[in-house]
Each structure stands twice: as structure tokens, then as C-alpha cells.
1. Does the range 148-157 contain at least one residue that is outside the structural domain of Thr59 (by TED's automatic domain parsing), assigned to a loop (DSSP other than H, G, I, E, B) and surrounded by fewer than 18 Cβ atoms within 10 Å (Cβ to Cβ)?
2. Restricting attention to the range 183-210, report how many residues are part of a helix (DSSP H, G or I), of a type outside the set (D, E, K, R) and over 20 Å from Thr59 (Cα atoms).
3. Answer yes or no as to whether Leu147 is touching a helix residue (DSSP H, G or I) at 6+ places or on another chain (Cβ under 8 Å), under 30 Å from Arg79 (Cβ atoms) and not small (Gly, Ala, Ser).
4. Would you check if Asp188 is crowded, with 19+ Cβ neighbours inside 10 Å, charged (D, E, K, R), within 21 Å of Val47 (Cα to Cα) and touching a residue at least 24 places away in the same chain (Cβ under 8 Å)?
5. Check the range 11-19 and report whether any residue there is surrounded by fewer than 19 Cβ atoms within 10 Å (Cβ to Cβ), more than 17 Å from Thr204 (Cα to Cα) and not assigned by TED's automatic domain parsing to the domain that holds Pro224.
6. Right, Phe174: aromatic (Phe, Trp, Tyr), out of contact with any Pro (no Cβ under 7 Å at 6 or more places or on another chain) and surrounded by 18 or more Cβ atoms within 10 Å (Cβ to Cβ) or not?
7. Can you tell me which residue within the range 218-262, out of those that are polar (S, T, N, Q) and outside any loop (DSSP other than H, G, I, E, B), is farthest from Phe202 (Cα to Cα)?
8. What number goes with the only condition from (1) crowded, with 17+ Cβ neighbours inside 10 Å; (2) in contact with a Pro (Cβ under 7 Å, 6 or more places away or on another chain) that Phe208 does not pass?
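The values are calculated or read from the model by the stated rules, or taken from the named source; none is laboratory data. Quick caveat, the model's predicted, so the values are computed rather than measured. So basically every Cβ, Gly included, is an ideal-geometry build from the backbone, and we count neighbours across all protein chains shown.
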Amino acid sequence: MAGPALSETEFGASGLAVRLRGATKVYDNGVAALGPFDLDVVSGEFVSLLGPSGCGKSTALRLIAGLATPSSGEVSVSRRASQAEGRHSIGFVFQEPTLMPWASVRENVRLPLKLSHVPGREADERVGEALAQVGLADFADAYPRELSGGMKMRVSLARALVTDPDILLMDEPFAALDEITRFRLNNDLLALWRNLHKTVIFVTHSVFESVYLSQRVVVMTSRPGRISSEFRIDTPEPRVEDFRMSAGYAAYCREVSKALSPSYAGLSGV
């Protein structure tokens, strides 16, 4: 069962944003997707979950977000002691942008505030700020059909940021994008993380992306997903594009790739 939501005061002593203890998930069809899974994420940390398809990465995010209930174990998430109107503890960016095609960029980003009944003027200000944060201030009146894949994902990110979440969960948001766009969005995401001081838990299949983005890479086994190893990526901050070309980056990628290899042993069609 899910553990109780812990207040900032209760989490303050340890500085944790997320804690999973013995969390498992078995679906109604009998598939054991996750666990037992233990994970601590410190407030303000950028953590990537890396593993093969079907290993439970997305399931772990859904448990943290409260979109699914663990079959056993505990999931605890730090929540603000007092939650202002329309401000959430968690923002979620899914694999697909899932935008409303009939609505403008502005209205797509405004949706969470509309559902929370945030007054018009405040909503306008917060939507404008979120669009500026992702570099889409000039596209507020555009429609999804007029946007590139990368721009659509920026809209999805702005929609998650507009509620000013403490924790940002991202489920392979850049997987379908071309490499140039993906690199650009990686850089922009790091800049947002530094400026906004969010806790980010990022799911990816890419060793290269996980090493470039993260302070810590968590490598998962094949289903049911457990943690097989962890790597702390210690580099000078701010991390810049030159890091991709460095010997240190290549060394980290080799280490993570080596740790990931057993997770793919015996798998087909991944």
C-alpha cells in the first residue's frame, strides 16, 4: 500500500523528496512489473532511471505520481505543508505531448490551472511565465498542428511547469525526437533544472542521455525491475556541451553501459 504523504517538515531532516521502500507492482493480468524497489531521491536532485523496455521505469514514475497504487511496499512523496491554489507537488511529462489539437498553445498550458480554478489574471501570468521558460513565448497563439515535435514537447513541459511543482517526473520525453533536437532540449532542461531548483526523475533508454543529464543514474534490471547499480556523475557545474566530448563523459558512458548489459541478456525484441 502507499505510504502516507509526508510534509516538508517531516522530510526536512533527511532532505528527501521521494522514498520508495519495497515497492512492487503486479498488474491484474499477473505481470510482475516492478520490485521490490527501493529508491531515495534528495530534494533538488536530478536522477535518471535507465533500463530495458518493460523493466518498470514508467511504472515507478506512476507510483510516485499517485497514478497507480503499489501492490506492496511504501511510496512516500514530500508535499508542501500549505498548497496554494493551482500549485502542485508533482508535474508529469509523458512520452507523448498529449496536446489538445483544437486548442492553442496558451490554452493547452493553461489547462491544469483551469481545472484548479485559478483566477484569470493569475493564470495568464503563470502561463506566460511557463512559456517563456521553455522558449515559446512567441508561439502562445499557435496550434499543435503548426508545431514541430520538439516544440510540442516544450508545450508539454510548460504545462507541467505552470503548476510550479516541487518534483518533475519525465517519462522518456525526448525519445521520438531527432538527435539535434534532443541535444538542444537536454541542454534547455538542464538550464531549467538549475534555475528552478526542481527535483527531476527522468526515465530514458539512452545511456548517453542519462549520463549527460543526471547527477545520479539508477540502472534497473529486466522485469520485474529492481535497482542493479547506481552511478554518481560528478562533473563541474554548470554542465555544458563540451562535456559530451570529454574523456570523463566517455568513461561514465562505458561504465553505465557495462552495468546495463546484463539487463538485456536473454531479451528479444527490445
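1. Taking every residue of the range 148-157 in turn, at least one turns out to be outside the structural domain of Thr59 (by TED's automatic domain parsing), assigned to a loop (DSSP other than H, G, I, E, B) and surrounded by fewer than 18 Cβ atoms within 10 Å (Cβ to Cβ).
2. Count: 12.
3. no
4. For Asp188, the condition - crowded, with 19+ Cβ neighbours inside 10 Å, charged (D, E, K, R), within 21 Å of Val47 (Cα to Cα) and touching a residue at least 24 places away in the same chain (Cβ under 8 Å) - is not met.
5. The answer is no, given that none of the residues of the range 11-19 is surrounded by fewer than 19 Cβ atoms within 10 Å (Cβ to Cβ), more than 17 Å from Thr204 (Cα to Cα) and not assigned by TED's automatic domain parsing to the domain that holds Pro224.
6. yes
7. So the residue we want is Ser261.
8. If we test Phe208 against (1) crowded, with 17+ Cβ neighbours inside 10 Å; (2) in contact with a Pro (Cβ under 7 Å, 6 or more places away or on another chain), just (2) comes out false.
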